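Structure first, then comments.
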Amino acid sequence: DLIISYNNVGLVYMNMGECLKALSSFEQSLEIQKVALPPNDPELASLYNNMGEVYNNMGEYSKAISFFERSFEIQKVTVPNHSKLASLYNNIGELYNNMGEYSKALPSYEQALEIRKLVLPRNHPDLAASHNAIGLLYYRMGKYSKSLSSLERSLEIRKTTLSPNHPYLAASYNSIGNVYYYMEEYSKALSSYEDSFQIRKVSLPLNHSDLAASYYNIGIVYTKTGEHSKALSSFEQSLEISKGALPPNHLDFAQSYDSIGV
């Protein structure tokens with residue numbers, strides 16, 4: 001009962017963003033669990049995962065990976081091919097991604113995807129999330145054709161499970177637009193950015209920073225295609241929204257002013 005109490009208190013502190021207090025509660029729970037439970041008990045795996053998430057939120061990625069890996073060692077024995085194990089692979093991949101170690105992140109994301117394919121329905125949102133994470137990783141690695149394939153698969157699933165104006169759909173279209181932009185397929189990039197913008201225009205407040213980002217992305221495509229009056233209009237729209245959404249010294253302002261000047 002003490003184990004459960006300390007763990008519950010830790011979870012509340014974690015959800016409140018009070019990482020040090022959460023960590024203290026989880027460590028109290030861990031001390032009791034080490035005495036009361038066998039070393040491969042699933043409860044220990046769950047606690048290690050919680051501690052890993054706290055360290056991740058604190059930006060201490062090496063400690064986070066250590067705890068995720070301890071959780072993984074238990075779970076791969078006790079619950080192989082389970083959605084919890086897939087989530088753990090995904091967490092490890094996310095950490096390596098945050099650290100810029102993309103070649104280490106990719107196998108973890110792929111393991112998460114393979115397990116989810118086995119245990120989840122074909123159109124489950126977690127499958128979309130896995131494809132999306134892999135697609136974004138390939139984008140950062142400059143492997144644009146692989147990125148596009150994964151992002152489009154994620155979009156297909158999201159279309160079947162989400163409402164037509166869901167922000168995740170807007171995010172998918174925006175990511176696909178980014179890939180087409182770097183592939184220099186500007187008409188396809190523009191189409192994807194506009195699809196994203198149409199959803200954001202309906203689903204977000206008028207002063208939301210994502211709307212500013214959509215206007216900016218559309219502007220950079222118009223710049224590449226030589227349609228400067230359209231580009232200027234988009235950049236100015238982006239700037240106006242940013243003024244209501246961002247602090248005055250945000251770097252996005254510098255980017256907008258620079259693009260307007262160019």
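A few comments on the model shown:
- The lysines within cross-link reach of K159, meaning a Cα-to-Cα straight distance under 27 Å and a gap of 8 or more places when in the same chain, are K84, K117, K143, K146, K188, K201.
- Length-normalised contact order for the stretch 161-262 - Cα pairs under 8 Å, 6+ apart - percent: 22
- Accessible area per residue in Å² at 1.4 Å probe, computed on the chain: 52
- Computed over the stretch 1-54, the convex hull of the alpha-carbon atoms projects to a mean area of 3.1 nm².
- Cα lying deepest toward the dipole's positive end in the stretch 10-107, options L11, I32, N91, charges on Cβ: N91
- Over the stretch 175-230, the pair-distance histogram of Cα-Cα distances with 10 Å bins from zero comes to 27, 53, 20, 0 percent, rounded to whole numbers.
- Remark: the stretch 193-208, residue by residue, has Karplus-estimated 3J(HN,Hα) of 4, 5, 4, 4, 4, 4, 6, 5, 4, 8, 9, 10, x, 5, 9, 6 Hz, where x stands for each Gly or Pro and the curve is 6.51 cos²θ - 1.76 cosθ + 1.60 at θ = phi - 60°.
- Computed over all pairs of different Cα atoms, the Kirkwood value for the hydrodynamic radius of the stretch 10-110 is 13.7 Å.
- The angle separating the long axis of helix 251-261 from the principal Cα axis of greatest extent in the chain is about 20 degrees.
- Our summary gives the chain a relative contact order of 9 percent, counting only alpha carbon pairs under 8 angstrom and 6 or more residues apart.
- What a 1.4 Å probe finds exposed on the chain is 51% carbon and sulfur by accessible area, rounded to a whole percent.
- Cα centroid separation - the stretch 68-101 against the stretch 155-230, whole Å: 32
- Against the main long axis of the alpha-carbon atoms of the chain, helix 144-161 sits at an angle near 80°.
- Radius, Kirkwood style, for the stretch 145-254 when every pair of distinct Cα atoms is counted (Å): 14.3
- Projecting the Cα atoms of I220, H208, L169 onto the charge dipole of the stretch 120-237, computed from C-beta unit charges around the Cα centre, puts L169 farthest toward the positive end.
- Vicinal HN-Hα couplings computed from phi for the stretch 31-41 (Karplus, 6.51 cos²θ - 1.76 cosθ + 1.60; Hz; Gly/Pro x): 4, 6, 4, 4, 8, 8, 10, x, x, 10, 5
- Accessible area of R116 (1.4 Å probe, protein heavy atoms only, ligands and nucleic acids ignored): about 20 Å².
- For the chain, adding -39500 (n - 2.57) for each run of n ≥ 4 DSSP H residues and dividing by the number of residues yields -27000 deg cm²/dmol at 222 nm.
- GluC sites (Glu not before Pro) restricted to DSSP loop in the stretch 163-204 with at most 16 other C-beta within 10 Å: E184, E185
- Crossing angle, helix 83-98 versus the chain [Cα axis fit, 0-90 degrees, rounded to tens]: 60
- Rg in Å to one decimal, and Dmax rounded to a whole Å, for the stretch 136-210 via C-alpha atoms: 12.3, 34
- Considered as an equivalent ellipsoid built on the Cα gyration tensor, the chain has semi-axes of 40, 22, 16 Å, the largest given first.
- Positive minus negative residues near L169 (Lys, Arg vs Asp, Glu; Cβ under 15 Å): 0
- Sequence-separation-based contact order of the stretch 1-107, relative, with Cα cut under 8 Å and 6+ spacing, percent: 19
The values are calculated or read from the model by the stated rules, or taken from the named source; none is laboratory data. Since the structure is predicted, the reported quantities are computational estimates derived from the model, not experimental observations. Methodologically, a virtual Cβ is constructed for each residue, glycine included, from the backbone with ideal geometry; neighbour enumeration extends over all protein chains shown. The area values use the complete protein model at the heavy-atom level, side chains included, leaving out ligands, DNA and RNA. Shrake-Rupley method; radii C 1.70, N 1.55, O 1.52, S 1.80 Å.
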